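**Student:** Before we start, here is the structure in question, set down as structure tokens.
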């Protein structure tokens, strides 16, 4: 008996509360679905559904078993995804701090072309999450905010990425000291030390230090577009930064040598990241 297939029948009928509709969802006819549910009930030794003229109702035993059935189905899907990742060991699993905003696509293009032959699997998240994924062996490299805790990893030099002010401004020449709106920033839990350092830098630049935390780049851009906040965003090599804005401090983090996958040239990936950022070393 194919247990996973029959558990899929079980979940489909539980969702549809109707054998005909569940069969249609599964792309099969109703008789083999009904027979499959009967075989599963015999295998488990419990009745999963009550059937009468009014339709199908899940039994108390079925309600108790359904979460476990869904967990098994989800675990099977996760196993397939993991196996597919292992079947392509040449892919570079790269973590990118969400603070890079619109700079993420350009970074990925450079790394894919220079160090990965086009095979990059990106994860864009907060730096704390990326560091955890690196330690767990689920990433090959990550670009994270500095400062932050990188124990157990190999960290490159601190890179200073120029930033610029975006948002409602009365004059293009106005700097942070003249801005009265808060600055839209990533959530503090993405990298608490870097967040606190940014607030201090805003105050040193003459801003009040008031910030509004937004969950992602789209939300930060929406706040700026609505005139509720300004943004301090990384710029590119082609576009100069705003001298009134504190730079974005980043580091490339890698697993220790013993934990690196031999299929990946980690040093080449780190060098490509630094080239893509066009950032100078700093402290």
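The values are calculated or read from the model by the stated rules, or taken from the named source; none is laboratory data. Everything numeric here is computed off the predicted structure, so don't read it as measured data. With ideal geometry, Cβ positions are generated from the backbone for all residues, glycine too; neighbour counts draw on all protein chains shown.
**Student:** What's the number of the condition residue 228 fails, among (1) part of a loop (DSSP other than H, G, I, E, B); (2) modelled with pLDDT of 90 or more; (3) surrounded by 18 or more Cβ atoms within 10 Å (Cβ to Cβ)?
**Tutor:** The failed condition is (3).
**Student:** Which of (1) at pLDDT below 90; (2) out of contact with any helix residue (DSSP H, G or I) (no Cβ under 9 Å at 6 or more places or on another chain); (3) closer than 26 Å to residue 213 by Cβ does residue 103 not meet, given it meets every other one?
**Tutor:** The one condition residue 103 does not meet is (2).
**Student:** Further question on the same structure: Mind listing whichever residues of the range 128-142 are closer than 15 Å to residue 215 by Cβ and either over 10 Å from the mean Cα position of the chain (by Cα) or without any contact (Cβ under 8 Å) to a residue 60 or more places away in the chain (or both)?
**Tutor:** Result: 128, single match.
**Student:** Is there a residue in the range 172-184 that is over 30 Å from residue 91 (Cβ atoms), at pLDDT 90 or above and touching a helix residue (DSSP H, G or I) at 6+ places or on another chain (Cβ under 7 Å)?
**Tutor:** Checked against the condition, which is being over 30 Å from residue 91 (Cβ atoms), at pLDDT 90 or above and touching a helix residue (DSSP H, G or I) at 6+ places or on another chain (Cβ under 7 Å), the range 172-184 yields at least one hit.
**Student:** Also, I was wondering about something else. Would you mention how many residues in the range 9-25 are buried (at least 18 other Cβ atoms within 10 Å of the Cβ) and either closer than 26 Å to residue 78 by Cα or outside the structural domain of residue 74 (by TED's automatic domain parsing) (or both)?
**Tutor:** Residues in the range 9-25 being buried (at least 18 other Cβ atoms within 10 Å of the Cβ) and either closer than 26 Å to residue 78 by Cα or outside the structural domain of residue 74 (by TED's automatic domain parsing) (or both): 7 in total.
**Student:** Suppose the filter is assigned to a loop (DSSP other than H, G, I, E, B) and not assigned by TED's automatic domain parsing to the domain that holds residue 133; does residue 209 pass it?
**Tutor:** Considered against the rule, which asks whether it is assigned to a loop (DSSP other than H, G, I, E, B) and not assigned by TED's automatic domain parsing to the domain that holds residue 133, residue 209 comes out as yes.
**Student:** Look at the range 173-208 and say how many of its residues are more than 26 Å from residue 142 (Cβ to Cβ) and buried (at least 16 other Cβ atoms within 10 Å of the Cβ).
**Tutor:** Here the count works out to 7.
**Student:** Would a scan of the range 215-225 turn up a residue that is in contact (Cβ under 8 Å) with a residue 60 or more places away in the chain, under 24 Å from the mean Cα position of the chain (by Cα), crowded, with 20+ Cβ neighbours inside 10 Å and not in a loop (DSSP other than H, G, I, E, B)?
**Tutor:** Yes, some residue in the range 215-225 is in contact (Cβ under 8 Å) with a residue 60 or more places away in the chain, under 24 Å from the mean Cα position of the chain (by Cα), crowded, with 20+ Cβ neighbours inside 10 Å and not in a loop (DSSP other than H, G, I, E, B).
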